[in-house]
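One structure is given here, and the rest of the page talks about it.
Derivation of every value follows stated rules applied to the coordinates shown; laboratory data play no part. Since the structure is predicted, the reported quantities are computational estimates derived from the model, not experimental observations. FYI the Cβ positions are ideal-geometry reconstructions off the backbone, even for glycines, and counts take in every protein chain you see.
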Number of protein chains: 2
Amino acid sequence: MLSEFDLIARYFTRTPRRSDTTVLGVGDDCALLAPPPGAQLAISSDMLVEGRHFFPGADPKALGHKSLAVNLSDLAAMGARPLGFTLALALPEAEPDWLAGFSAGLLALADLHGCELIGGDTTRGPLNICITVFGAVMPGQALRRDAARPGDDVWISGSLGDARLALAGYRQELALTPQELDEAAPRMHRPTPRVALGTALAGIAHAAIDISDGLAGDLGHILKRSGVGAELDADALPAGPVLARRDAALRREYTLAGGDDYELCFTAPTERREEVLAAALAAGTPVTRVGRIAAEPGLRLLDRDGRPLALQPTSFDHFSET
Amino acid sequence: MLSEFDLIARYFTRTPRRSDTTVLGVGDDCALLAPPPGAQLAISSDMLVEGRHFFPGADPKALGHKSLAVNLSDLAAMGARPLGFTLALALPEAEPDWLAGFSAGLLALADLHGCELIGGDTTRGPLNICITVFGAVMPGQALRRDAARPGDDVWISGSLGDARLALAGYRQELALTPQELDEAAPRMHRPTPRVALGTALAGIAHAAIDISDGLAGDLGHILKRSGVGAELDADALPAGPVLARRDAALRREYTLAGGDDYELCFTAPTERREEVLAAALAAGTPVTRVGRIAAEPGLRLLDRDGRPLALQPTSFDHFSET
């Protein structure tokens, strides 16, 4: 059997890609990172557990992609440019095929975003993937959850709900055709972090969050920390292409409380709509205006005539769910 | 049952302690850290798994301490000053007593070293603790593994082997009296990271590593990366006070290949011995000169007459051990 050190050397050690910021990569007690002059570091950690965040036996390449994608999504929601990440990995056994697939998926996404693997840890244990990611953002430009202001537009990148629809298909909560599942499944297994959009919005948008637990719950975090409320236009919520073919009740449920979307929800002043659209165009990411921030606390869902609809805010919670 | 967010809020969210570097702490997509002007960031991740790095049912307060201590030890080995850390935690259940103990042990050590908890993640899963720690070091001052030079002295902080002796007692590999176990056990459960010594040595010492897997194996990493060898004086190796009462063969085995010592092994030019001793005195940490770096590769153990002794380099390996 390979030793721990052989494993790390074989699958995760490469010559540094980024001589601008990576002073010292994998293989010492610490990595050394030189932040861009004047920049602040945005830092986020996510832990993925088998059976909870992914199915046992999940394709290792997709899993490598997703493990980094969810972290890059946090950087995007902060408006930060990726610099590097650490990977801590607990594995039940040292299985070369699994490691080859996982590292290939992980490092391909890393290279796409110039995000260097600078260190980490490997140990035996129940499968657990913990990534901590580092990005750069200039002082005052970060998209913080506490920065939404009454009158701001509320925007969503891309579309919502197809990842939740795929999960419903796997769980047989809903009957999906094989074609529907094929189309929706990549949204669940290989999310696209909105890095280019997030960095383009730094200095333009006010608040942002990435939608991982469902729009209602995640927007709720912005509202709570900003001390504001919001009105959402139920019919404006952008459903994913597969979900869009379903009925209005399911569309509403999965766009509001789906999960695993990894889109950005952000707020921006109305007078900056043109700049938001220009940033979205430059990033190649569609955006949709779905509502507005109000002074009155709480989240309100409105129909096309501006009348309130019943809203049951639900949010994926790792402990209250059994 | 408490929700995930309640848990985090209750046990791990505090007002930021360090307004100099913590711009934004727990509760957003990312934390924001402002590195000291001109500094590089030293970054390390360690993952601790139940049954592998600690016993099932381990005292949560000691475990909180140790989880951060092993990471601070990596910063110390780089000569970096602690700034902050993230904590990702997988728990089988949300148990308030456990969380209270764990966070108390963790945060007490964090406060002692001015190392702020700036973010993280909490999820349900087999118990797993992943900490990523950030420190500051000025360019060119880091104590890298590849910096040992022929002629350097080899130094050890504190003493070695009592943590391994305690483990042998628990495993009943050796018979320890209750008094011996009481004296040795804190070295295993509550290691002291040599932060003050590490930062005092930055700019004085050449290479450093923290001894987590045993001196022979860990010094071996320095030798390999520096392209050098070393001679160690077998009788100079500083045994812990409990181990010191055992016979020479056990002393030698446990000082060379113990594990869980979390002392620093470092190299420094002979002409800087006085500065090394002054740094150790200022840090309140004893240091012992145990050998020298040689141009010839390999690790050689010498008796008091300078004759080679048989050495079986063993190192704790998380995968090759079953």
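Structure notes:
- Which listed residue is at positive phi and of a type in the set (Gly, Ala, Ser), from A:GLY64, A:GLY105, A:GLY51, A:GLY25: A:GLY51
- Output for region A:159-208, where each listed residue is crowded, with 22+ Cβ neighbours inside 10 Å, of a type in the set (Gly, Ala, Ser) and not in a helix (DSSP H, G or I): A:GLY161, A:ALA205, A:ALA207, A:ALA208
- Pairs where the first residue, in region B:206-221, is more than 10 Å from every other protein chain (Cβ to nearest Cβ) and the second is basic (Lys, Arg), C-beta under 7 Å, 6+ apart: B:HIS206/B:ARG149
- Here the strands (runs of 3 or more DSSP E) wholly within region B:80-149 that include at least 1 residues being of a type in the set (Gly, Ala, Ser), more than 7 Å from chain A (Cβ to nearest Cβ) and out of contact with any Lys or Arg (no Cβ under 6 Å at 6 or more places or on another chain) are B:81-91.
- Restricting attention to region B:130-180, the residues that are of a type in the set (Ser, Thr, Tyr) and over 29 Å from B:LEU243 (Cβ atoms) total 1.
- Residue check for B:ALA77: touching a helix residue (DSSP H, G or I) at 6+ places or on another chain (Cβ under 8 Å), closer than 27 Å to B:LEU167 by Cβ and surrounded by 19 or more Cβ atoms within 10 Å (Cβ to Cβ): yes
- Here region A:29-55 is the region considered, the condition is being part of a loop (DSSP other than H, G, I, E, B) and in contact (Cβ under 8 Å) with a residue 40 or more places away in the chain, and the residue that is nearest to the other protein chains (Cβ to nearest Cβ) is A:CYS30.
- Residue match in region A:142-160 (condition: more than 15 Å from the chain's Cα centre (by Cα), over 28 Å from A:ALA42 (Cβ atoms) and in contact (Cβ under 8 Å) with a residue 12 or more places away in the chain): no
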